[in-house]
Amino acid sequence: MPDVAEAEIYPVLKGKVALVTGAAQGMGRTTAEVFLKAGAKVVICDIKEKEGKEVVEELSHLGEIIFVKADISKSADVQSLIEQIVTRFGRLDAAVNNAAMTPDTTPLINFDEDYWTKLVHVNLTGTSLCCKYEMQQMIRQGGKGTIVNIASINAFRPQPNMPAYTTTKHAIIGLTKHAATEGGPHGIRINAIAPGAIYSEMSAAALKGMGTTEEEFTPQVSTLNRFGMPHEVAQGSLWLSSDASSKCPVAAMESTHEIKPSAPRVHENKVAIITGSARSIGAAIVRNLASKGCNIVVNHVSAASDETATNLCRELETDHNVRTTWVRADISKNDECAKLVEAAKAKFTDPATGRFQVDIIVHNAAILYLGPLESVVEANFQRIYAVNVLGPLLLTAACLPYLPTDRSGRIVMMSSINSKVGTPTTSLYAGTKGAMEAMARVWCRELCERATVNTINPGPVMTDMYLSAPEDIKLKLAKWNPVTPLAAVQHSDSQEVRELGERLGGRAAYDHEIAGMVATLCSPEAGWCTGSLISANGGLAFSY
């Protein structure tokens, strides 16, 4: 058994009433203990009456705790459980739906049908019934409250010989997401935790069923080479049940790693190449597309960004279960574009069919030169046009043989507000962005049977480059804020943004707002929009 010190617990649930199901042993018992230490009045339930009463006796010195015998797979039992909680304490503020049966031990091709039925009734139907009556009570008492459903690492990484258990735990993730859509309007936050290998009676039985040992098993499922402890999972439930997680409306937490809320995976198994995407707006774009199931090629030009690109790819794969690769390549050169495409082919060619397709290209890479027209020098002109204009042309040509042939492809050009409003000192930069807009109008005709081609034109964006820019640059850009409808600062903005916006008369865009516009143009629903310049600048310049 791992020796892991327990974290200090603060009274973050003081005055609240909490329910923990399946609390006669293991993680449920430990969760009840942690919640008591956090100041909650705790109700535990289980079908094991003797063990449940023993837990109450053992933990009663920590606070007010009662036991209710209940079979959560029976609707009448769950209704009665909630009624007894309200009769005793007057309300229900938090619930941890932990009750579950021990995993099955046979492969799918030979599963025990009777055990499958029992396990589904408890793990899935039981958790659903708990959510149903817990939410009803929370709504009756005026809304607000928290529910934590205990899923399993099997929902993301199935283990051998557990088809029923894996199915129910995967379903609990879906149940949680749906429940959150119903609970959200009432202020009820519903989340799931998916524990990995946790030291408990259930895990010991599971290891025996798998025919392995703790020493053999843990290195396969944990980078820490150990089982987690029940109190570590309980701390996750405590956080999700406290006000500290008040902006976490629905998520699944895999062990102690948060899985971001899922978006509809409209780009499942597609491949996107995003240039200049190791950081800033480009990184926001790849995060958005990956959340929708898209496999990603991260492109950057500097060796200094290799580590950033590596970490970003690891994040995308972990958070969104997509495949990624990064390629350091200067797209202003033909051979470097070829290298980028070959690397994408090596990573994403279907081994069964030998097919490779580039579904999305986002031309985000760009360099910036600022200065009055008399300061322009030939070398700077050649370099900025090579990267900002020639680069997208060369890369698109390199990808052309691999674009779809059914109009489903998407190409998005990242222009700028500068070419639209004529911002002073941007002769070179604004010129390149105007050229990109012109190319998009040409390509939308040349590539009409392959892909849509559109452009967006952001204004200032709160990237590192903008935030670290000299004050005089910010002030020059700020003169447009009074005529930008969405630049007004809101209470929901961060303190940093509010302070900056109040000083400058308005805020810049968030990178995720720009990424959202790119994602819109990449969606299947945007198939009838091509050759367009779409406003992505808060209304400083409109789309027509």
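The values are calculated or read from the model by the stated rules, or taken from the named source; none is laboratory data. As the structure is a computational prediction, the values presented were derived from the model and not from experiment. Every residue, glycine among them, receives a Cβ derived from its backbone with ideal geometry; neighbour counts consider all protein chains shown.
Overview of values
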{"read-out": "Condition met for Glu342 (farther than 30 Å from Leu428 by Cα, surrounded by 16 or more Cβ atoms within 10 Å (Cβ to Cβ) and acidic (Asp, Glu))", "value": "no"}
{"read-out": "Any chance Glu317 is under 21 Å from Phe356 (Cα atoms), modelled with pLDDT under 95 and not in a loop (DSSP other than H, G, I, E, B)", "value": "yes"}
{"read-out": "Every residue from the range 320-346 that is assigned to a strand (DSSP E or B), touching a Cys at 6+ places or on another chain (Cβ under 9 Å) and either under 23 Å from Thr432 (Cα atoms) or hydrophobic (A, V, I, L, M, F, W, C) (or both)", "value": "Trp326"}
{"read-out": "Output for the range 266-287, where each listed residue is closer than 18 Å to Gly409 by Cβ and surrounded by fewer than 22 Cβ atoms within 10 Å (Cβ to Cβ)", "value": "Val266, Glu268, Asn269"}
{"read-out": "Test for Glu83: is it within 23 Å of Ala179 (Cα to Cα), free of Cβ contacts under 8 Å to residues at least 24 places away in the same chain and surrounded by fewer than 18 Cβ atoms within 10 Å (Cβ to Cβ)", "value": "yes"}
{"read-out": "Residue under evaluation Val453, criteria (1) crowded, with 22+ Cβ neighbours inside 10 Å; (2) closer than 30 Å to Val497 by Cβ; (3) touching a Ser or Thr at 6+ places or on another chain (Cβ under 8 Å), criterion not met", "value": "(2)"}
{"read-out": "Residue in the range 489-503 that is under 21 Å from Ser543 (Cα atoms) and in contact (Cβ under 8 Å) with a residue 24 or more places away in the chain present", "value": "no"}
{"read-out": "Number of the exception - Glu374 against (1) within 17 Å of Asp330 (Cβ to Cβ); (2) part of a helix (DSSP H, G or I)", "value": "(1)"}
{"read-out": "Residue ID - modelled with the lowest pLDDT, chosen from residues in the range 463-513 that are of a type in the set (Val, Ile, Thr) and touching a helix residue (DSSP H, G or I) at 6+ places or on another chain (Cβ under 8 Å)", "value": "Thr463"}
{"read-out": "Of the criteria (1) in a loop (DSSP other than H, G, I, E, B); (2) surrounded by fewer than 17 Cβ atoms within 10 Å (Cβ to Cβ), which one Val489 fails", "value": "(2)"}
{"read-out": "Checklist (1) farther than 20 Å from Ala440 by Cα; (2) not in a loop (DSSP other than H, G, I, E, B) applied to Leu390, failing item", "value": "(1)"}
{"read-out": "Verdict on Glu471 being charged (D, E, K, R), surrounded by fewer than 16 Cβ atoms within 10 Å (Cβ to Cβ) and within 26 Å of the chain's Cα centre (by Cα)", "value": "no"}
